[in-house]
Amino acid sequence: MKEMKPGKILINNEWCEAQSGKRFSVINPATEQILTEVAEGDAADIDRAVQAARNAFEQGPWKTMSARERGRILNRVAMLLDKHKEDFAELETLNNGKPISETRNADLPLSIETFEYYAGLADKIHGDTIPVNGNFFNYTLREPAGVVGQIIPWNFPLLMAAWKLGPALATGCTVVLKPAEQTPLTALKLGELLMEAGLPPGVVNIVPGFGPTAGAALATHPEVDKVAFTGSTEVGKTVMKLAGDHLKRVSLELGGKAPNIVFADSDIDAAVNGAMRGIFFNQGEVCCAGSRLFLEERIHDEFLSKLKTRAEKMIVGNPLDPKTQMGAQVSEDQFRKILGYVEKGKSEGAKVVTGGIPAQPQGYFIKPTILEGVNNRMKVAQEEIFGPVVCAIPFKNQEDLSRQANDTVYGLSAGIWTRDIGKAHRLAKEIKAGTIWVNCYNCFDAASPFGGFKQSGFGRELGKYALELYTQVKSVWVSLD
Ligand code: NAI
Ligand code: MG
């Protein structure tokens, strides 16, 4: 592999070192080797980046540029990303540990599509005229929210950057983006493309660094108007408190513990595929993973035996091999946390059907894991494991099911497998979650909104819905007297 240059901080379209001079190491989780070093931004660098974003927002080309021209720039970002997709896919796989087949077929196409979608939306953002009482002309303007701080996680590093940047740039905001400390490399590489696409200086600034230093500085900075965060529910609560001091607008996309529900009247083989995709996609490091597998009692044993066979056939290993189906967990912390949950499950009375142990002597690989005999009140059924561990929970009937499915602090997503369409639609209404998949799982499109109920957060990303996060409405009254 060619040697990688150390990563830097991007401020005002210039790459720089941290003011402290500090750097941190970035690891390849499949080999535990250091990939490269990256400048470690902290409060001082965040301050410079926010000033740059503020200047770019208040002055010069970004503010006066037409919405259509902003759209053209976003289109060029999409085209450049498409041109370099193989390099990005490989870099993402090296840094995150996820299989190259997934970075090629999911992360990259979805990231490109997100920029394309918001490129097309940029010149379709507008206010209304409102028929008010009296002799007035009243209309609304939809203006950008301002300087936006965006803090993203490590599970879909490039895609999360795209979800955040696409709508923010379409609406005319300026941004300071903080990638996760585990996986800063593709966001930094994206910085190169943003400049090549013609984004003016200061519109997007990228500051790699740690949460309690760089992240917290961004959430508290008085010149940041809005904070968008994706990550753990715990840190989401902290970010909201920090942002509260200046009453910044906040949107949060947090954890999940999704029910993936299989009725006896479903196409069982399709549901087995869906359960596999629901929990083993991206090594289970997915906020909407189908981690609570509810099985109607009648099919419980048959389903688990099919799922076990499939799970044991999964190819786990070298993420760069196109045949690999599951790669490495992102970090040693995650690896230990996940194995810890398997032990917790066992001590709570769950039984390991398969997996539950490391898959390789080196690298953070874990075997696809199924726990049975889980009841919904156990820790393994209530807490986000964020790994390839599915908890199978039997249910008697629909009433028993609905009660358990909603018995969680989370509400990000759910899967429903049945051939009874009436039942599917009734449940889709009943379940408190932001996304419902019927006879499918983990489907995404830039046009369809995504976000949580309850402690999975608030605000909807993607689609037209994301425009709400990055705009504010102004009402203008004109006397016609
Ligand atoms: P995290 O929530 O700590 O990290 C996400 C982002 O928040 C990173 O960019 C991090 O630097 C930043 N951050 C951390 N502390 C911060 C603070 N005090 N102020 C501002 N920003 C801060 O997630 P972590 O610790 O990497 O993973 C722990 C667990 O969180 C995982 O096991 C998983 O259960 C959950 N998680 C959920 C994600 C989701 O998409 N829902 C994504 C990542 C983690
Ligand atoms: Mg953390």
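Here Thr93 meets the list (1) at pLDDT below 95; (2) hydroxyl-bearing (Ser, Thr, Tyr); (3) crowded, with 16+ Cβ neighbours inside 10 Å almost entirely, failing just condition (1). For segment 331-351: of the residues being more than 29 Å from the chain's Cα centre (by Cα) and closer than 23 Å to Lys313 by Cβ, which is most open to solvent (accessible area, probe 1.4 Å)? Step by step, filter segment 331-351, then rank; the result is Lys351. Can you spot a residue in segment 148-159 that is within 17 Å of Leu199 (Cα to Cα), part of a loop (DSSP other than H, G, I, E, B) and in contact with a Pro (Cβ under 9 Å, 6 or more places away or on another chain)? The answer is no; no qualifying residue exists.
Taking residues in segment 59-75 that are polar (S, T, N, Q), and partners anywhere that are surrounded by 15 or more Cβ atoms within 10 Å (Cβ to Cβ), the pairs with Cβ atoms closer than 6 Å and at least 6 places apart or on different chains are Asn75/Ala119.
Scanning segment 237-250 for residues that are touching a residue at least 24 places away in the same chain (Cβ under 8 Å), surrounded by fewer than 23 Cβ atoms within 10 Å (Cβ to Cβ) and not hydrophobic (A, V, I, L, M, F, W, C) yields Asp245, His246, Arg249. Of everything in segment 372-395 that is assigned to a loop (DSSP other than H, G, I, E, B) and among the β-branched types (Val, Ile, Thr), the residue that is farthest from ligand 2 (Cβ to nearest atom) is Val374.
Among Phe453, Phe444, which is the only one that is more than 24 Å from Asn105 (Cβ to Cβ) and touching a residue at least 12 places away in the same chain (Cβ under 8 Å)? None of the other options fit; the residue is Phe453. Look at (1) within 16 Å of ligand 2 (Cβ to nearest atom); (2) touching an Asp or Glu at 6+ places or on another chain (Cβ under 8 Å); (3) without any contact (Cβ under 8 Å) to a residue 60 or more places away in the chain and you find that Ala180 fails only one, number (2). Got at least one residue in segment 281-292 being within 16 Å of ligand 1 (Cβ to nearest atom), open to solvent by less than 50 Å² (accessible area, probe 1.4 Å), among the aromatic types (Phe, Trp, Tyr) and out of contact with any Leu (no Cβ under 6 Å at 6 or more places or on another chain)? Among the residues of segment 281-292, at least one is within 16 Å of ligand 1 (Cβ to nearest atom), open to solvent by less than 50 Å² (accessible area, probe 1.4 Å), among the aromatic types (Phe, Trp, Tyr) and out of contact with any Leu (no Cβ under 6 Å at 6 or more places or on another chain), which makes the answer yes. Residues of segment 307-324 include at least one that is open to solvent by 70 Å² or more (accessible area, probe 1.4 Å) and under 23 Å from the mean Cα position of the chain (by Cα).
Where strands (runs of 3 or more DSSP E) fall entirely within segment 396-481, those with at least 3 residues that are open to solvent by 40 Å² or more (accessible area, probe 1.4 Å) and under 30 Å from Asp128 (Cβ atoms) are at 471-479.
Exactly one residue among Ile34, Ile46, Ile100, Ile27 is touching a strand residue (DSSP E or B) at 6+ places or on another chain (Cβ under 7 Å), open to solvent by less than 10 Å² (accessible area, probe 1.4 Å) and aliphatic (A, V, I, L, M), and that residue is Ile46. The conditions of being of a type in the set (Gly, Ala, Ser), open to solvent by less than 10 Å² (accessible area, probe 1.4 Å) and within 16 Å of ligand 1 (Cβ to nearest atom) are met by Ala162. Would it be correct to say that Gly231 is open to solvent by 10 Å² or more (accessible area, probe 1.4 Å) and either on the phi > 0 side of the Ramachandran plot or in contact with a Phe, Trp or Tyr (Cβ under 9 Å, 6 or more places away or on another chain) (or both)? Judged against the criteria, Gly231 is a match. Quick check on Leu108: is it open to solvent by less than 40 Å² (accessible area, probe 1.4 Å) and not polar (S, T, N, Q)? Taking the combined requirement at face value, the residue satisfies it.
Please go through segment 227-242 and pick out each residue that is farther than 19 Å from Gln334 by Cβ, of a type in the set (Val, Ile, Thr) and either assigned to a helix (DSSP H, G or I) or within 12 Å of ligand 2 (Cβ to nearest atom) (or both). Within segment 227-242, Thr238, Val239 meet the criteria.
Of the set (1) within 20 Å of the chain's Cα centre (by Cα); (2) of a type outside the set (Val, Ile, Thr); (3) within 11 Å of ligand 1 (Cβ to nearest atom), all apply to Leu185 but (3).
Restricting attention to segment 197-226 and to residues that are β-branched (Val, Ile, Thr), crowded, with 24+ Cβ neighbours inside 10 Å and outside any loop (DSSP other than H, G, I, E, B), the residue that is nearest to ligand 1 (Cβ to nearest atom) turns out to be Ile206.
Of the listed requirements (1) more than 9 Å from ligand 1 (Cβ to nearest atom); (2) under 27 Å from Ser20 (Cα atoms); (3) not β-branched (Val, Ile, Thr), Leu169 misses just one: (2).
The values are calculated or read from the model by the stated rules, or taken from the named source; none is laboratory data. Note that the structure is a prediction, hence the values are computed from the model and not measured. Cβ coordinates were reconstructed from backbone atoms using ideal geometry, including for glycine residues, and neighbour counts include every protein chain displayed. All accessible areas refer to the heavy atoms of the entire protein, side chains included, with ligands and DNA or RNA removed. Shrake-Rupley method; radii C 1.70, N 1.55, O 1.52, S 1.80 Å.
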